[in-house]
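Reviewing the structure listed below.
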Amino acid sequence: MSVSSPSSVDPTRISDLPKLVGTTATVSGWVTHLRSSGKIAFIVMRDGTGLLQCVVPKKEVSEATWEQFGALTLETSITVSGEVRTDARQVGGVEMGLKELTILGASALDYPIQPKEHGVDFLLDNRHFWLRTPRQVAIMRIRNEIEQAIHDFFYERGFLRVDTPILTAAIGERSGLFATEYFDEGNAYLAQTGQLYGEAAAAAFGKIYTFGPTFRAEKSKTRRHLTEFWMIEPEVAFNDTHANMRLQEDFVSFLVQRVLERRPAELTEVGRDVSKLEKVKAPFPRIDYGDAVAILQKKGSTVQWGDDLGAEDESLLVEDHELPVFICNYPKKAKAFYMKENPDDPRTVLCNDLLAPEGYGEMIGGSQREDDHDKLRARIIEEQLPVEAYAWYLDLRKYGTFVHSGFGLGLERTVAWICGTPHIRECIAFPRMMHRLHP
RNA sequence: GGCCGCGUAGCUCAGCUGGUAGAGCAGGUGACUGUUAAUCACCGGGUCACAGGUUCGAGUCCUGUCGCGGUCGCCA
């Protein structure tokens, strides 16, 4: 490694330029548009922080610089120097009168992404380039804002972040596991949830959350599913199902308000109707499962008590609301074995889904956990799960069991709803789907 | 996996009741001093996914295969 030299200062970014009006600045980036009119030319460049138009009048630059302009192609990486000046016609309010132009890295003529419409399949094939475009940059900045807000929300409330294993023995939910060989231990599976480990951690630290990738090998082909997605799973000791729902609505409201406050330009870039987001403040409506079935039947649905709710049912329930909606206390047989039996109606469990408005579907699934050792063990056997694998999980009920609850928030579904994107595949840098492992 | 749909130029698409393969953008050449996905002129660009069938003749109709998308289920 070389030692630092006097020239190794932090580079100026396009977003810094409004503060530098009247000075000569040097910026590096990539060419996004080229226009020329014989004796005046324009370079629009990007550097990840914004766009900058450089004006190149033939008679004000050297002949060599003018010829270099002719060599530019889309996405050539360049360094430009020149006077920063205000110009009301530009997006950032400034432009550069170019004096010097250096080509850092040439770009082949067949750069696939053009300033025009493309199909989604083509764009996903070129995801490594698609990410450079303004809309995608905006979505990723909003995603990043949400991720930071998640950490801030829990940190401020005294939660401990726990990183749970990605390689697991078969535990958690049952269907759609990705398997891989694991030394002499047989198969390991990519984690579908960190929850069970989260429960153990909650007994150690009180309030915890996990934040990591999760994997589902289901052959889902819908706009709401990925095979690899990021999930946030809080788990709180001594919180019952009601406290759990209060945490969820405070959490979701916090995330939405944070994006509204700090990323208004990005919301504009993605074309989001923010008036709908501005209404998202706790408390959210709560509909008991039994009432939901009655509402659905009144709307003409054929659901019967005991059925799980389908995507169409969810849309019908959400259509009358501008806020996310809780659906509470589903029938036991429609839900996972670890959910606590409802003492007021043992046919049901203490749980909730949180449905996002505008048809974005299930954003959160949460529940109070079964804390009775014998009932939990019976449920594991009833579901024909291998009891031995759950020995440590049952131990949590054997040594100081405790009321506790938690939930899982799907990051990409949350980003999709807040950004208003039609498909969650735009909400993660490199989506993994059934038919997509590249790039 | 069920159902529906799509596959034509580098990209986005048009191509009718079957009759010699099209446009816009991108690329090349040239013009133009304030453009915002600049504009204008000219030029190059095709195994119509693949295989078979019907027909004088198939991008078009039929059958099959492959690839992909949407939707449902699974869930976040």
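Bear in mind these aren't lab numbers, they're just calculated from the coordinates by the rules spelled out. None of these values were measured; they are calculated from a predicted model. Heads up, the Cβs are rebuilt from the backbone with ideal geometry, glycines too, and the neighbour counts pull from every protein chain shown.
Results, tabulated for the structure shown:
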quantity: Spin-label model distance (nm) - A:PHE178 vs A:THR102, 7 Å beyond Cα toward Cβ; calculated: 4.2 nm
quantity: log₁₀ of I(q)/I(0) at q = 0.08, 0.11 Å⁻¹ - region A:272-428, Debye sum with one point per alpha carbon; calculated: -0.28, -0.52
quantity: Top positive-direction residue, dipole computed over chain A with Cβ charges, set A:LEU51, A:ASN187, A:VAL325; calculated: A:LEU51
quantity: Given A:LYS19/A:LYS99; A:LYS221/A:LYS335; A:LYS279/A:LYS333; A:LYS39/A:LYS99, the pairs whose alpha carbons are separated by over 24 Å; calculated: A:LYS279/A:LYS333
quantity: Cα-projected label distance for A:ASP152 with A:ALA243, points at 7 Å along beta-carbon direction, nm; calculated: 2.6 nm
quantity: Net charge of Cβ neighbours under 12 Å - reference A:THR79; Lys, Arg +1; Asp, Glu -1; calculated: -1
quantity: Principal-axis tilt of helix A:241-262 within chain A, Cα atoms, nearest 10 degrees; calculated: 10 degrees
quantity: Globularity index of chain A, i.e. its alpha-carbon radius of gyration over 2.2 N^0.38 Å; calculated: 1.20
quantity: Residues in region A:304-323 that a label on A:ALA282 would reach, taking backbone N under 18 Å of a point 7 Å out along Cα→Cβ; calculated: A:323
quantity: FRET efficiency, 1/(1 + (r/R0)^6) with R0 41 Å, evaluated for A:GLU261 and A:SER37 via beta carbons; calculated: 0.45
quantity: Two-site label geometry, A:TYR399 and A:ALA64: point separation in nm, points 7 Å out along Cα→Cβ; calculated: 7.4 nm
quantity: Qualifying aspartates and glutamates (Cα of each under 20 Å from Cα of A:LYS298; at least 8 residues distant if same chain); calculated: A:ASP288, A:ASP307, A:ASP308, A:GLU312, A:ASP313, A:GLU314, A:GLU319, A:ASP320
quantity: Efficiency of FRET from Cβ geometry, A:ALA389 and A:TRP305, R₀ 30 Å, rounded to 0.05; calculated: 0.35
quantity: Segment A:ASP121-A:GLU83, length gained on full extension (0.36 nm per residue, minus Cα span); calculated: 9.5 nm
quantity: Over 18 Å [Cα-Cα, region A:14-105], rounded percent; calculated: 35 percent
quantity: Helix-only [θ]222 nm of chain A, DSSP H runs n ≥ 4, -39500 (n - 2.57) each, per residue, nearest 500; calculated: -9000 deg cm²/dmol
quantity: In degrees, nearest ten, helix A:134-156 long axis to first principal axis of chain A (Cα); calculated: 50 degrees
quantity: Contact order relative to length of chain A, as percent, for alpha carbon pairs under 8 angstrom and 6 or more apart; calculated: 13 percent
quantity: Under 9 Å, Cβ to Cβ, from A:LEU98 - net charge with Lys/Arg +1 and Asp/Glu -1; calculated: -2
quantity: Per-residue HN-Hα couplings for region A:101-108 [Karplus 6.51, -1.76, 1.60; θ = phi - 60°; Hz; x = Gly/Pro]; calculated: 9, 10, 8, 8, x, 5, 10, 4
quantity: Computed lengthening from A:LEU167 to A:PHE205, 0.36 nm per intervening residue step minus Cα-Cα distance; calculated: 11.4 nm
quantity: Theoretical FRET efficiency, 1/(1+(r/R0)^6), r = Cβ-Cβ of A:THR24 and A:PHE129, R0 45 Å, to 0.05; calculated: 0.90
quantity: Global geometry of region A:186-345, whether rounded, prolate or oblate, following the gyration tensor of its Cα atoms and the 1.5 cut on a/c; calculated: rounded
quantity: Nearby lysines by direct alpha-carbon distance to A:LYS340 (threshold 27 angstrom, same-chain neighbours under 8 apart not counted); calculated: A:LYS207, A:LYS332, A:LYS375, A:LYS398
quantity: With Cα atoms, 0 to 90° folded angle of helix A:373-382 axis to chain A main axis; calculated: 80 degrees
quantity: Counted charge near A:VAL31, where neighbours are those whose Cβ lies closer than 12 Å (Asp, Glu -1; Lys, Arg +1); calculated: +1
quantity: Stretch in chain A that is longest and holds no chymotrypsin sites (Phe, Trp or Tyr not before Pro) that DSSP places in a loop and that have at most 10 other beta carbons within 10 Å; calculated: A:184-398
